[in-house]
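K.L.:
Input: one structure, supplied below.
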Amino acid sequence: MSAEKRQFFRFDVSLPYFIEPLDNKGCCFQVTRNQLLTTQELKLITLETQQLNNLFEDSKHIQNGSVKIFEGLNHKLDFMVWLLDLILEGVEHSKLTQLDDKKEQNHRIVLPEVKESSKVFPLLKAYFIRVDEYIAELIDVIEHSVRGNVFMYHKPLLKPLKLENYIKGLPELAKKGNWLARVITLLVSKLNHYEKLIIKLKQAYEKISDYEKWPIEKVNLGEGGFAIFTSKTFGDADKICVLFRMDDEFVFAKARCVYQSNKSKVKEPMRTAFEFEEIHSEDSAHIVRFLMAQELAFRHKN
């Protein structure tokens, strides 16, 4: 089949798909940090980060090695936040030239050398493990994103780390100015803010991540676009993102509405056609292979 014929070839197939309108910035399947954290929370994170940096400048605790211990934990948390920002900004994995370097830097951060008999050790160990769990999950989400545009989460939500489960009275000590207590409470508070962000992020992506529950629907699909029956109203030139699941893989595209029938009868499913505007060449080729296989199977059956 020639390239021109492939462009206009359409075939009815049944498969699961997910559609979402583009926002005013041309993004879809994406939420921002501002949507997940309040202005007050963002201000508090900035304040706590500055307070930590000030504590890390304490000459006494620089000399006795305490700063080195807790700066390592803070750097690990900052790497987790950096990964979160990449997801929120929708940066493609192929552009993440710094990722390997940052992964190596994080690998060099080891569990702080604190006597295991110390009351602080269980908390530091739990903190270290928790942040590493988030880092591993976020790296997996980024590396398995669909064209750097669609991120999916499959691990269950974790309850935020709680100070009181490990050490009693630490916030009170912090209020009295104890350096160690202040550092630990600030580190845990900073982590808790981002744990809440991760919870909201997973909830925002829940429907798209749970692709096993997407309904299988009839799609008139081609290399240049597709048509479906939907009760949702689309205007001419409305832009959307679509994610098809075919052959246990995903195909991602941005498209615009070129036709919708029976708009006066909005309660009835309307035939709605979309034309692909942005689609990766590999995804376009995947559609062609899929359609050819479907057509051959149909001919063999009949």
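K.L.:
Distance check, please: which entries in Lys102/Lys168; Lys68/Lys168; Lys125/Lys168 exceed 26 angstrom between their Cα atoms?
P.N.:
Going by Cα-Cα distance, Lys102/Lys168 fall outside the 26 Å limit.
K.L.:
Could you tell me how many degrees, from 0 to 90 and to the nearest 10, lie between the Cα long axis of helix 281-301 and the main elongation axis, the longest principal axis, of the Cα atoms of the chain?
P.N.:
Once rounded, one gets 50 degrees.
K.L.:
What order do you get for 277-285, 184-192 when each peptide is scored by the mean count of other beta carbon atoms within 10 Å, highest first?
P.N.:
184-192, 277-285
K.L.:
Quick one: which of 11-22, 53-64 comes out on top by average Cβ neighbours within 10 Å, and what's the full order, highest first?
P.N.:
Peptide ranking by packing, descending: 11-22, 53-64.
K.L.:
Mind pulling the angle between the C-alpha long axis of helix 121-143 and the longest principal axis of the chain? Nearest 10 degrees, somewhere in 0 to 90.
P.N.:
It is inclined by approximately 20 degrees.
K.L.:
Run the lone-cysteine check on the chain: no other Cys C-beta under 4.7 Å from the residue's C-beta.
P.N.:
If one checks each Cβ against the other cysteines of the chain, Cys27, Cys257 turn up with nothing under 4.7 Å.
K.L.:
Run lengths n ≥ 4 of DSSP H only: what is the helix-derived mean residue ellipticity at 222 nm for the chain, with -39500 (n - 2.57) per run over all residues, to the nearest 500?
P.N.:
Helices in the chain give a 222 nm mean residue ellipticity of -15500 deg cm²/dmol.
K.L.:
Another one. Can you give the FRET efficiency to the nearest 0.05 for Glu268 and Asp247, using r as the Cβ-Cβ distance and R₀ = 30 Å?
P.N.:
0.40
K.L.:
Whole percent per 20 Å bin, from 0 to the bin with the longest distance: what is P(r) over all C-alpha pairs of the chain?
P.N.:
Per 20 Å bin, starting at 0, the Cα pair percentages come out as 27, 44, 22, 6, 0.
K.L.:
Apply 1/(1 + (r/R0)^6) to the Cβ-Cβ distance of Gln98 and Thr32, taking R0 = 30 Å, and write down the FRET efficiency to the nearest 0.05.
P.N.:
The computed FRET efficiency comes out at 0.90.
K.L.:
State the three equivalent ellipsoid semi-axes of the range 33-204, derived from the C-alpha gyration tensor as the square roots of 5 times its eigenvalues, in descending order and whole Å.
P.N.:
29, 18, 15
K.L.:
By how many degrees, between 0 and 90 and to the nearest 10, does the Cα long axis of helix 179-204 differ from the longest principal axis of the chain?
P.N.:
10
K.L.:
Mind checking which lysines have their Cα closer than 18 Å to the Cα of Lys175? Skip sequence neighbours fewer than 8 apart in that chain.
P.N.:
The qualifying lysines are Lys162, Lys190.
K.L.:
Give me the dipole magnitude in Debye, nearest 20, for the chain about the Cα centre, with unit charges on the beta carbon: positive for Lys and Arg, negative for Asp and Glu.
P.N.:
Computed about the Cα centre, the dipole is about 900 debye.
K.L.:
Still on this structure, please answer the following. Longer than 20 Å from Cα to Cα, which of Lys159/Lys202; Lys159/Lys196; Lys25/Lys202 are they? Say none if no pair is.
P.N.:
Over 20 Å apart, Cα to Cα: Lys25/Lys202.
All of the numbers you see were taken from the coordinates with simple rules; none came from a lab. Everything numeric in this text was worked out from a predicted model, so none of it was measured. Cβ: placed from backbone, ideal geometry, glycine included. Neighbour counts: every protein chain shown.
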